[in-house]
Amino acid sequence: MPETKEKSLKEIFEEIEQHKCVVQKGIRLLDEFIAGPMCGRCLPCPMGSYEMRLRLQRLAEGGGTEADIEAVRTIAPKMLETSMCKKGKDTARFFMDTLDAVPEEYAAHADGACPARECKALFVFRVIPHKCTMCGDCLEVCKDFAIIGEKRLPNRLGYLPFEIAEKRCTRCGECIKVCRDEAIEIVDIRETQTVEA
């Protein structure tokens, strides 16, 4: 069985750049750091990393609050100061730098929105009924069978526009790519929730 080489922190930092969302970058960084370069010899690294991972996951899933951001803001400097190795310090520095550089992205996640549209729990795809021509392209490309509706046939009436079943949709984005009529839009999940009086 061939041995897999442990990733260096430099490789991990290069890999997380494929994400646009700062929260997704942080989750990926912590996942890779915990699985690989973290030695676990000093207490601040494992405890801080696990706690920040939980807080970021909560933000990515739409259940996060300002308290989660403040927890990350509190943990990162302590981890930077008390960590014994450069790996732990560099990981903590990433969070300190991003919290200073793009605090509005973290705040948007606490409000239930992902500006980069990478946190799949924070947005949905929706068909715009008056633009949908029921061509069926989205229906054919959807591997999750999340598009509900019937392709329009000539000389027939009574068709309803397609709909997207949110529970089935994995937010892969293939439907938007094939829609020639721009009849599918991305909507923040908070806009779809009804306000109860």
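Each reported figure results from applying straightforward, stated rules to the coordinates on display, with no laboratory input. Keep in mind that this is a model prediction, so the values were computed, not measured. Every residue, glycine among them, receives a Cβ derived from its backbone with ideal geometry; neighbour counts consider all protein chains shown.
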- Message: Whole percent per 5 Å bin, from 0 to the bin with the longest distance: what is P(r) over all C-alpha pairs of the stretch 120-192?
- Response: 3, 17, 30, 25, 16, 6, 2, 1, 0
- Task: Kindly write out, for the stretch 120-128 in residue order, the coupling ³J(HN,Hα) from the Karplus curve 6.51 cos²θ - 1.76 cosθ + 1.60 (θ = phi - 60°), rounded to whole Hz, with x marking Gly and Pro.
- Result: 4, 6, 9, 8, 9, 9, 9, 7, 8
- Whole-Hz couplings from phi, Karplus 6.51/-1.76/1.60, listed for the stretch 183-191; x for Gly and Pro: 9, 10, 10, 9, 10, 4, 4, 5, 6
- Query: Using alpha carbon centroids, what distance separates the stretch 170-191 and the stretch 139-153, in Å?
  - Reply: 13
- Pairwise FRET efficiency - Ala116 versus Glu150, Cβ, R0 = 30 Å, nearest 0.05: 0.30
- Which semi-axis lengths, in whole Å and largest first, follow from the square roots of five times the eigenvalues of the Cα gyration tensor of the stretch 1-93? 22, 17, 11
- Message: Through the Karplus equation 6.51 cos²θ - 1.76 cosθ + 1.60, θ set to phi - 60°, convert the phi angles of the stretch 136-151 into ³J(HN,Hα) values in whole Hz; use x for Gly and Pro.
- Response: x, 4, 5, 4, 6, 8, 6, 7, 9, 6, 8, 8, 10, x, 10, 5
- Cβ-based net charge around Ile27, under 11 Å, with every Lys or Arg adding one and every Asp or Glu removing one: +1
- Out of Cys119, Cys45, Cys169, any idea which swings most in a Gaussian network model of the chain, alpha carbons joined below 10 Å? Cys169
- Message: I want to verify a result. In a Gaussian network model of the chain, Cα cutoff 10 Å, which of these has the top mean-square fluctuation: Glu163, Glu11, Glu105?
- Response: Glu11
- Query: Using the Cα atoms of the stretch 5-56 to build a convex hull, what is its mean projected area in square nanometres?
  - Reply: 3.6
- Summed side-chain charge close to Ala76 - residues other than Ala76 whose Cβ falls under 12 Å, Lys, Arg +1, Asp, Glu -1: -1
- Query: To the nearest 10 degrees, how steeply does helix 44-60 sit against the main Cα axis of the chain, on a 0 to 90 scale?
  - Reply: 20
- Normalised by the residues of the stretch 9-110, what does the relative contact order come to in percent, with Cα pairs under 8 Å and at least six apart? 29
- Query: In a Debye calculation with equal point scatterers on the alpha-carbon sites of the chain and no solvent, what is log10 I(q)/I(0) at q = 0.08, 0.13, 0.14, 0.16 Å⁻¹?
  - Reply: -0.38, -0.78, -0.85, -0.98
- Which residues qualify? For Ile184, with a placed amide H closer than 5 Å and at least 5 residues away or on another chain, they are Ile128
- Message: Can you give me the angle between helix 86-101 and the longest principal axis of the chain, using Cα atoms only, in degrees from 0 to 90, rounded to the nearest 10?
- Response: 50
- Message: Which residue fluctuates most in the GNM of the chain (Cα springs below 10 Å): Asp68, Asp31, Asp181?
- Response: Asp181
- Query: Shape of the stretch 29-72 from its Cα gyration tensor (a ≥ b ≥ c, root eigenvalues): rounded if a/c is under 1.5, otherwise prolate when a/b > b/c, or oblate?
  - Reply: oblate
- Query: Of Phe123, Phe95, Phe13, how do they rank once you tally other Cβ atoms within 10 Å and put the fewest first?
  - Reply: Phe13, Phe123, Phe95
